[in-house]
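Have a look at the structure below before the remarks.
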Amino acid sequence: MERAMHIRALGTALELLCDGSVPAETVREVLESWSDARIPGVPGAERISLSVGPGRAGRALVTVDRADQLGQVLSTVVTQRALTRRRGTHVLLHACGLALEDGRVIAFVGPSGMGKTTLARTLGRRWGYVTDETVAIATSPERYGQVLPFPKPLSIVQEGAPKRQVSPSALGLAPLPDVPLRIAAIVLIERSESPVDESGRFRPGPAEIESERLPLAESVGLLAPHLSYLSSLEQPLSELARLIEGVGGVVRLRYREAAQVATVVDELVSADPHDRSGTGRWNAGDVPGIAAGAAHPETAATRTWSPAPATDWLDTGGAVVVLRGTQVHVLSGIAPPLWRRALASPRPGLPELTSAVVDAVGRPPGGGAEDRVLAALGQLVDEGVLVTG
C-alpha cells in the first residue's frame, strides 16, 4: 500500500513518509487528511518521517506512542516547517483564511480556541478555504500582498481523544478559485460563546455582529501576539503598518455565532482601502545602541534618559510602537512625547522631558508635572523602552 506522498505547505514541498510501524488504517487516515495539499513528487523535498510505538523515539522525525496521536502531532510539525521556510519574507498571521471568487482573501485572526476553525467550517462552504492555521502574506515588491495557500487538515475536537484531522474536501469546504490570492482584509475576532460568565452571572454578548476599525498603533499591538517571526522581517513595524494600511485598517469583529460573520464579508472587502483606512500617516526607523553617559549620582536633577536599542519603531503621530527583540510596546498617554524627545535629543534630563510633555498635552491641573513625568519615565525604564545614564 501507499505509505508516502508529497504535499505543499505555504509554498514549501514536503514528503510525508510513514514507516512500517504505522498501522495501515492510520496511514490511510494521515494521507487522506492531507490530500488537498497533495502535489506530484518533488526531488529533494524535505522528508518528514513518521513512526508509531513506544521506544521508537529518534527513529523518525515524528514519533508517537499511539497511532491516534499521529495526525495532530504531524499537523504541528508540518506547520512549523512551513513557517520556518517563510521566515523573514512573509507576514505570518495566526489566522483562518477565506478567499472570494476573485482571489481576495480575508484573514480572521485570533488565539487558539477563539473559533477560527469553526469559521472555516461554516464560511468555507461558500468561500474558498485558504487555511485555518496561518495566513502567509508576501512582502517582496514583486509579490507584495500575495497569499500562500495552506490547505491543511482541520482539527476537529473529540471528547477524551486527540483532535481528529480531516481534509477540507471531506468537510465539504469550497476549493480555492483559480486566480492569484491577495490579502484584502485583516479581522481580529472576538467570539462570545456563552451569555453566562465563569461565576454564573449573565454576560451580555452581541446579539448582532459588532465591528469597529482600529487605529494603526492599536492594530499593531493587538496583532503582534498572533504573528510568527515578526522581528525577522527587514523592517518589521514598517511592513506591518504598510500591510494594515493597504487593507484599510484592521477590523475588530465581535460575534456569537459563526454564521453571523457571513453577513459582513462583502462589507469587509468592498470599499477602497484608502477611503476606509483612518490610520493616518506614520514614521518608522530603528534605534541603534547609544553609548552610556558618565556615571553620576542617581538624582532626578542629574539623571538623563535615552531610548534603549530597538529593532524598529513606529510613530503614528499619536501613539508610538516600539519593537525590542520580540517584544512590542505600544506607548500612549504622556509616553509618546517622552520617547520622541529622548530619541531627538542627546540624553535629555528631567526639565527637557517635562517641557516636552507640557508642550504636547499641557500642564496637569494642580501642578505636579515633574512628578508625573518621573513616574512615567520609571515605567518606561522598567519596561526596557528607555535607559538611564
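Some observations on this one:
- The range 156-193, residues that are among the small types (Gly, Ala, Ser), assigned to a loop (DSSP other than H, G, I, E, B) and in contact (Cβ under 8 Å) with a residue 60 or more places away in the chain: Ser167, Ser192
Okay, residues lined up against (1) outside the structural domain of Ala319 (by TED's automatic domain parsing); (2) exposed (fewer than 12 other Cβ atoms within 10 Å of the Cβ); (3) β-branched (Val, Ile, Thr); (4) modelled with pLDDT of 95 or more:
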position	(1), (2), (3), (4)
Ile183	yes, no, yes, yes
Glu190	yes, no, no, no
Gly200	yes, yes, no, no
Pro206	yes, no, no, no
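- Single residue of Val130, Val73, Val135, Val105 found to be outside the structural domain of Arg252 (by TED's automatic domain parsing) and β-branched (Val, Ile, Thr): Val73
- Of the strands (runs of 3 or more DSSP E) lying entirely inside the range 1-78, those containing at least 2 residues that are touching a His at 6+ places or on another chain (Cβ under 7 Å) span 12-18.
- Screening Leu98 against (1) surrounded by 23 or more Cβ atoms within 10 Å (Cβ to Cβ); (2) under 15 Å from the mean Cα position of the chain (by Cα) leaves a single unmet condition, (2).
- The combined condition, being in contact with a helix residue (DSSP H, G or I) (Cβ under 9 Å, 6 or more places away or on another chain), exposed (fewer than 15 other Cβ atoms within 10 Å of the Cβ) and at pLDDT below 95, is fulfilled by Ala259.
- Checklist (1) surrounded by 18 or more Cβ atoms within 10 Å (Cβ to Cβ); (2) within 18 Å of the chain's Cα centre (by Cα) applied to Leu268, failing item: (2)
- Residue within the range 12-25 that is touching a Phe, Trp or Tyr at 6+ places or on another chain (Cβ under 7 Å) and either touching a residue at least 60 places away in the same chain (Cβ under 8 Å) or under 22 Å from Ser155 (Cα atoms) (or both) present: yes
- Against the criterion of being buried (at least 23 other Cβ atoms within 10 Å of the Cβ) and either in contact (Cβ under 8 Å) with a residue 40 or more places away in the chain or not in a loop (DSSP other than H, G, I, E, B) (or both), Ala107 qualifies.
- Residue list for the range 300-322, filter: outside any loop (DSSP other than H, G, I, E, B), aliphatic (A, V, I, L, M) and surrounded by fewer than 24 Cβ atoms within 10 Å (Cβ to Cβ): Ala310
- Residue selected from the range 19-44 under the condition at pLDDT below 95 and under 32 Å from the mean Cα position of the chain (by Cα), by the criterion farthest from Pro149 (Cα to Cα): Gly44
- Considering the conditions (1) at pLDDT below 95; (2) more than 18 Å from Leu216 (Cβ to Cβ); (3) outside the structural domain of Leu216 (by TED's automatic domain parsing); (4) surrounded by 19 or more Cβ atoms within 10 Å (Cβ to Cβ), Ile334 is excluded by exactly one of them, (1).
- Conditions (1) under 30 Å from Leu223 (Cα atoms); (2) modelled with pLDDT of 95 or more; (3) out of contact with any Lys or Arg (no Cβ under 8 Å at 6 or more places or on another chain); number of the one not met by Ser75: (3)
Here is a yes/no grid of residues against (1) outside the structural domain of Thr122 (by TED's automatic domain parsing); (2) of a type in the set (A, V, I, L, M, F, W, C); (3) in a strand (DSSP E or B):
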| residue | (1), (2), (3) |
| --- | --- |
| Ser211 | no, no, yes |
| Leu223 | no, yes, no |
| Glu234 | no, no, no |
| Leu243 | no, yes, no |
| Gly248 | no, no, no |
| Arg252 | no, no, yes |
| Val265 | no, yes, no |
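The values are calculated or read from the model by the stated rules, or taken from the named source; none is laboratory data. From a predicted model like this one, the values you see are computed outputs, not experimental measurements. Neighbour counts run over all protein chains shown; Cβ positions are idealised from the backbone, glycine included.
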